[in-house]
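*Asks:* Input: one structure, supplied below.
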Amino acid sequence: MQQTLQTRVLKKTRLSERVVGLTLGLQNGAEFPVWEPGAHIELELAVSKGEPLYRHYSLCGQQANSREWQIAVLREDSGRGGSAYIHDVLQEGDALAVSPPKNHFPFAADKKCFFIAGGIGITPIVPMVQAAAAAGLDWHLLYLARNAADFIFLQELQQVDGARITTHASNQDGLFDLEAALKALDEHTTVYSCGPQALLNALESYQQEQADIAWQLVLERFSVQADPGLLQGKSFTVTLQKSGKSVVVASDESILAALKREGIRVKCSCQNGTCGTCETVVISGQPEHRDFVLSPQERQLNETMMICVSRAVSAELVLDL
Ligand code: FES
């Protein structure tokens, strides 16, 4: 982790049955770097004696509070132990190394915003709502969850402007009619959404299928279903600029796996192209981006790539490793 910040857990609170909130402060009491709505930080979790686990969580507190950062962590029972460690082991007072904020879900305040949050996907949306309200924008939040008890931060959001918030808990309200909500949007609207894959896929499909849609869609994915096809393609060579070493990436393996096979360690987390931990600078060659992190503009620039899923169009890639 570059430029690691040494923090301490100031507060650990239960936000719902499956979500805990952490408030972090710098160990030296200094101010945190500034961050923008949509930003996340990477936690370095010493889950075992081996390699640490890296996990990403959106900053969801007040931007103006420069001495405290807040995150919310959903317990993922089928995960690899990162969230369970935070829930069961990490305590108030514990030291925690985190990265400076990164933002792959930028909020560009404009005229109208329609926020759609699914479950824990509310976390990056909270500061966006606050920013939209502070800027006097015309905004609305659609907050979806399975159970009413899963609505975290609802009180804080309602204090911003409860009349602009629609909540829908599917266990009591049934299926939400997403199409009807989207049909009502005009061309001045930007839709910001974070939530489960099914919700984001539905939004993307709707936008692609309706030829006359003029509103913008900005998504943040925090998980995707494993797709073995994502790792396949033609074989190519990766040359590591710093060591001069070259590694052939087979047609059915990722760059990350090929490097591991050769004993070269690169920091990674999700391994499905959603978190950004393995983002690597491209020195030369043309990547074939298969991640869910980079924006279309960033993809065109080809300055970095996610080596857990992305491959190469060119026969060789030179990476800053
Ligand atoms: S490890 Fe998460 S994007 Fe590559």
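The values are calculated or read from the model by the stated rules, or taken from the named source; none is laboratory data. All values reported here derive from a predicted model rather than from experimental measurement. Note that we place each Cβ from the backbone using ideal geometry, even for glycine, and neighbour counts take in every protein chain shown. The area values use the complete protein model at the heavy-atom level, side chains included, leaving out ligands, DNA and RNA. Shrake-Rupley method; radii C 1.70, N 1.55, O 1.52, S 1.80 Å.
*Asks:* Out of (1) within 25 Å of the chain's Cα centre (by Cα); (2) surrounded by 13 or more Cβ atoms within 10 Å (Cβ to Cβ); (3) more than 10 Å from the ligand (Cβ to nearest atom), the odd one out for Val309 is which?
*Replies:* Going through (1) within 25 Å of the chain's Cα centre (by Cα); (2) surrounded by 13 or more Cβ atoms within 10 Å (Cβ to Cβ); (3) more than 10 Å from the ligand (Cβ to nearest atom) one by one, Val309 breaks only (3).
*Asks:* Scan the range 71-82 for residues that are within 13 Å of Leu43 (Cβ to Cβ) and at pLDDT 95 or above and jot them down.
*Replies:* Answer for the range 71-82, where residues must be within 13 Å of Leu43 (Cβ to Cβ) and at pLDDT 95 or above: Ile71, Ala72, Val73.
*Asks:* Could you list, in sequence order, the residues of the range 161-189 that are over 23 Å from Val73 (Cα atoms) and assigned to a helix (DSSP H, G or I)?
*Replies:* Listed by number, the residues that qualify are Asp161, Gly162, Ala163, Arg164, Gln172, Asp173, Leu178, Glu179, Ala180, Ala181, Leu182, Lys183.
*Asks:* Could you count how many residues in the range 259-270 are modelled with pLDDT of 90 or more and open to solvent by 60 Å² or more (accessible area, probe 1.4 Å)?
*Replies:* Of the residues in the range 259-270, 4 are modelled with pLDDT of 90 or more and open to solvent by 60 Å² or more (accessible area, probe 1.4 Å).
*Asks:* Continuing with the same structure: Among the listed residues Val98, Val9, identify the single one that is hydrophobic (A, V, I, L, M, F, W, C), modelled with pLDDT of 95 or more and under 19 Å from the mean Cα position of the chain (by Cα).
*Replies:* Val98
*Asks:* What pairs can you find where one residue is in the range 240-255 and free of Cβ contacts under 8 Å to residues at least 40 places away in the same chain, the other is surrounded by fewer than 12 Cβ atoms within 10 Å (Cβ to Cβ), and their Cβ atoms are less than 9 Å apart, with a gap of 6+ or different chains?
*Replies:* Taking only residues 6 or more apart or on different chains, the pairs are Asp252/Pro228.
*Asks:* When you scan the range 163-201, how many residues do you find that are surrounded by 15 or more Cβ atoms within 10 Å (Cβ to Cβ), under 14 Å from Arg221 (Cβ atoms) and not polar (S, T, N, Q)?
*Replies:* Residues flagged as surrounded by 15 or more Cβ atoms within 10 Å (Cβ to Cβ), under 14 Å from Arg221 (Cβ atoms) and not polar (S, T, N, Q) within the range 163-201 amount to 6.
*Asks:* Tally the residues that are open to solvent by less than 70 Å² (accessible area, probe 1.4 Å), in contact (Cβ under 8 Å) with a residue 24 or more places away in the chain and part of a helix (DSSP H, G or I), restricting the search to the range 140-160.
*Replies:* 4
*Asks:* What's the number of the only condition in (1) in contact with a Gly (Cβ under 8 Å, 6 or more places away or on another chain); (2) surrounded by fewer than 16 Cβ atoms within 10 Å (Cβ to Cβ); (3) over 24 Å from Gln130 (Cα atoms) that Arg67 fails to meet?
*Replies:* So Arg67 meets the others, but not (3).
*Asks:* Separate question: Within the range 216-258, how many residues are in contact with a strand residue (DSSP E or B) (Cβ under 6 Å, 6 or more places away or on another chain) and open to solvent by 80 Å² or more (accessible area, probe 1.4 Å)?
*Replies:* Residues that pass the stated criteria total 3.
*Asks:* Exactly one of (1) open to solvent by 40 Å² or more (accessible area, probe 1.4 Å); (2) modelled with pLDDT of 95 or more is unmet by Phe115. Its number?
*Replies:* Evaluating Phe115 over (1) open to solvent by 40 Å² or more (accessible area, probe 1.4 Å); (2) modelled with pLDDT of 95 or more leaves (1) as the failure.
*Asks:* Return the residues of the range 281-301 that are outside any strand (DSSP E or B) and either touching a helix residue (DSSP H, G or I) at 6+ places or on another chain (Cβ under 8 Å) or surrounded by fewer than 17 Cβ atoms within 10 Å (Cβ to Cβ) (or both); say none if nothing qualifies.
*Replies:* Passing the criteria: Gln286, His289, Arg290, Ser295, Pro296, Gln297, Glu298, Gln300, Leu301.
*Asks:* For the range 312-321, what are the residues that are of a type in the set (A, V, I, L, M) and either assigned to a loop (DSSP other than H, G, I, E, B) or within 13 Å of the ligand (Cβ to nearest atom) (or both)?
*Replies:* Of everything in the range 312-321, those that are of a type in the set (A, V, I, L, M) and either assigned to a loop (DSSP other than H, G, I, E, B) or within 13 Å of the ligand (Cβ to nearest atom) (or both) turn out to be Val313, Ala315, Leu321.
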